[in-house]
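Worksheet for the structure shown next.
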Amino acid sequence: MKYDYDVIIIGSGPAGFSCAMQSTKFNKKALIIEASDKSIGGSWIHKGTVPSKALRAAAKLIQSFHSQFGDERGRKPYERFRMEDIMEYKKPILESKNKKVKDDIIKNEVETVRGWGLIKDSNTVEVVDHLHQKKTFTTKNILISTGSSPSQPKIFDIDHTKVLDYSSILELTHIPRRLAIIGGGIITIEFATIFSALGTRVTILNEQSEILPFLDEEIKTELLKAIKKKNIQIFNNTEIQKISSNDLRTCEEVLFKTTETDRLQVVETDHILYVGGKTPNTKSLGLEDLGVKTDPNGYITVDQYYRTSVPSIYAAGDVIGDPSLASASFLQGRLASCDMFGSSSEIMADDNLPYGIYSIPEISGIGLTEQQAIELQIDVTVGRAYYDNLTRADLNHETDGILKLVFRTDNLKLIGVHILGEHAADIIHLGQSVMAHNGTIKYFIERVLNYPTYSEAYKIAAFNGLNRVHKAGVKYQKVLEKSN
Ligand SMILES: Cc1cc2nc3c(=O)[nH]c(=O)nc-3n(C[C@H](O)[C@H](O)[C@H](O)COP(=O)(O)OP(=O)(O)OC[C@H]3O[C@@H](n4cnc5c(N)ncnc54)[C@H](O)[C@@H]3O)c2cc1C
C-alpha cells in the first residue's frame, strides 16, 4: 500500500524533532504536526527547559554581580534589576533556538503542518487547523510525541496572575519580593534558588516528607545547607488548606497545616507557584477508539522500542512518563525511528541515565547512591572532593560544592557519581563515560586531566577513595596510631 508519508509525528518537541531528523537520515518522508501556531520545537524551547535555564543564567549573572560589587544604596536585586531586562536577555536565546529548529527542519526536508493531530486509524491522521479546516494524511508509521502539561491543583485555581504554574511563572512581568512554591521536586528547587538569587524571599511548601528523595544523602545535606544560607524556608509534610487574597495587607495568603502540628499556619506572599507534577497530553488524540494502552496515570505504555500496543503507532517523550526530560526525549524519538526504519538491534538499552538539576548550585548524578549500594549489600567505598580544593572553582568564586564517587571496594569499579556544585550537569558525563565502559576510579588517577578544571574533582575524589581502601593517608595514620 502507498502512503503519503513514512512517518507522521504529532508534536514538535525533542522527541518528535529527533524522530523526524533520524527518519530523514534513513531517507524517509516525514511530516510533523504541531498544534501551536506560534512556535515549533515544543515546550522544551518555549515553556520548559530553555526559558527556565535562560532565567537561571540571568539570575546567576545578577547574583554574581550583586555579591561582588554590592549596591551603594543597599537595594535588593529585585529593586535594582527589572524583569523586562531579564526577558530581553531570554528573548534572543529563545529566538535563536527556534530558528535553529526551523532551519534543521527545512534543511532536512521534513514537512510541517500546523493544527491539532487526531489519529483516525493506525495509518491515518487528521489535522484540524486553527480555521477548523480538516486535512487527512496516510502514513506507514505514527509517533505520538505530544508531551505533557502542568497538573492542576485540587483545592484552588491557577489564575496565571497571582497563582502561577511552571509555564506562567516564566511570563512574570516583575521580580516578586515574596514567592511561595507548592511542590518539592526538581522544578521547585530550580525556581526557588533562581528567584532567591534575584532577592525574592522564597518559601517552599512541600506536601511530601522531604525534598528530592532520590538524591544521595550527603548531596542532600549540602543542598539543604545551601538552601539555608539563602534563607529559603522549607515546610515538609504540608497540607494546603486554602489560598486567598488579603486586600488590607495587599498579599496572597496560603493557609496550611503540617503533620507535625495541627496548628493552622499562614504564609504571606506576592505570588504562589504550584508545581504539582505533569499530566500527559493524550486527550482528544483518539487513543481510546484505537485501543492504545495507557497506564493508570494516562501515560502511554510502550515497549523498549517505543512501540505502543497498536502496531505502527509509537510514542516517546513526556507522553510515556518518567524520566520526562528533554535529554531522554531526544534519544527516545531517535530510537523509535531506528526501530521503524533501521535495525532494532542497534538499540542499546541504557538504564544509567544522568539527571541534571539546574538549581543554584547545580546538582547532577548517575548510578547508585551510597545508600542504594548499601541496601543492595554491595561493599562500596566513597571518595570525595570539595569544590574549595579546586583551583578553577576558586578562580570563579564558586567554591560551594562536592563531588562524590561510589565504587566497589574489591575491584574499584565505579558505580555512581553524585555532584553538587557549578557545572555539575556537564562534568557528570566524565563519570558516565567511565561507568559505561565498566571503568574503575583508577582512570582518573592514571590519566592527565586538564588543569585547572572542575573535572579535577574526579582526580581528588579518586585519590581520596583509594586512600580509604588502602587505609592510607594522614587520617588513617592517626586512626592507626590511636588503635595501637
Ligand atoms: C520548567 C521546566 C524546566 C525543565 N528543565 C529541563 C531540563 O533542564 N532538562 C531536561 O532535560 N528537561 C527539562 N524539562 C523537561 C522537558 O521540557 C520535557 O521533558 C520535554 O520538553 C518533553 O519533550 P516532548 O518531545 O515529549 O514534548 P514537548 O516538548 O512538551 O512538546 C510537545 C509538543 O506537542 C504539541 N502537541 C500536543 N498535542 C498535540 C496534538 N494533538 N497535535 C499536534 N501537536 C500537539 C505541543 O504543542 C508541543 O509543542 C523541563 C520542563 C519544565 C516544565
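Quick note: the coordinates plus some simple rules give every number you see, no bench work behind them. Please read all numbers here as calculations on a predicted model, not as lab measurements. Please note: Cβ atoms are built from the backbone with ideal geometry, for glycine as well, and neighbour counts cover all protein chains shown.
Applying 0.36 nm per residue to the separation of H470 and T250 and subtracting their alpha-carbon distance, the gain on full extension is 72.9 nm.
The alpha-carbon positions of region 295-403 define a convex hull whose volume is 172 Å³ per residue. Each principal axis of the Cα cloud of region 17-120 was taken in turn, and the coordinate range along them, longest first, works out to 62, 26, 16 Å. At the listed q of 0.15, 0.22, 0.24 Å⁻¹, the Debye profile of region 163-274, built from one uniform point per Cα, gives log10 I(q)/I(0) equal to -0.63, -1.31, -1.48. In whole percents, the pair-distance distribution calculated for region 361-483 from its alpha-carbon pairs, binned every 10 Å from zero, is 14, 45, 32, 9, 0. Per-residue ellipticity at 222 nm computed for the chain from its helices equals -10500 deg cm²/dmol, with DSSP H segments shorter than 4 residues left out and the rest contributing -39,500 (n - 2.57).
Working ranking of peptides 408-418, 155-165, 329-339 by packing, defined as the average number of other Cβ atoms within 10 Å per residue, highest first, is 329-339, 408-418, 155-165. What the Cα convex hull of the chain gives, in volume per residue, is 197 Å³.
With both residues required to sit in region 163-274, DSSP beta bridges show an antiparallel share near 50%. Think of region 41-134 as a dipole: +1 on every Lys or Arg Cβ, -1 on every Asp or Glu Cβ, centred on the Cα centre; then among H130, L118, L55, L55 lies furthest on the positive end. Put simply, when 362-374, 431-443 are sorted by average Cβ atoms within 10 angstrom per residue, most first, you get 362-374, 431-443. Neighbours of Y443 by Cβ distance under 15 Å: Lys/Arg scored +1, Asp/Glu scored -1, total +3. Take every pair of alpha-carbon atoms less than 8 Å apart whose residues are at least six positions apart; their mean separation over the length of the chain yields a relative contact order of 14 percent. Packing order of peptides 201-212, 186-197, 107-118, highest average first: 186-197, 201-212, 107-118 (average count of other Cβ atoms within 10 Å over each peptide's residues). The S209 and M1 beta-carbon pair, evaluated with R₀ = 60 Å, returns a calculated FRET efficiency of approximately 0.60. Converting phi to 3J(HN,Hα) with the Karplus coefficients 6.51, -1.76 and 1.60 and the offset θ = phi - 60°, region 280-289 yields x, 7, 10, 6, 6, 9, x, 5, 4, 5 Hz in sequence order, with x at every glycine or proline.
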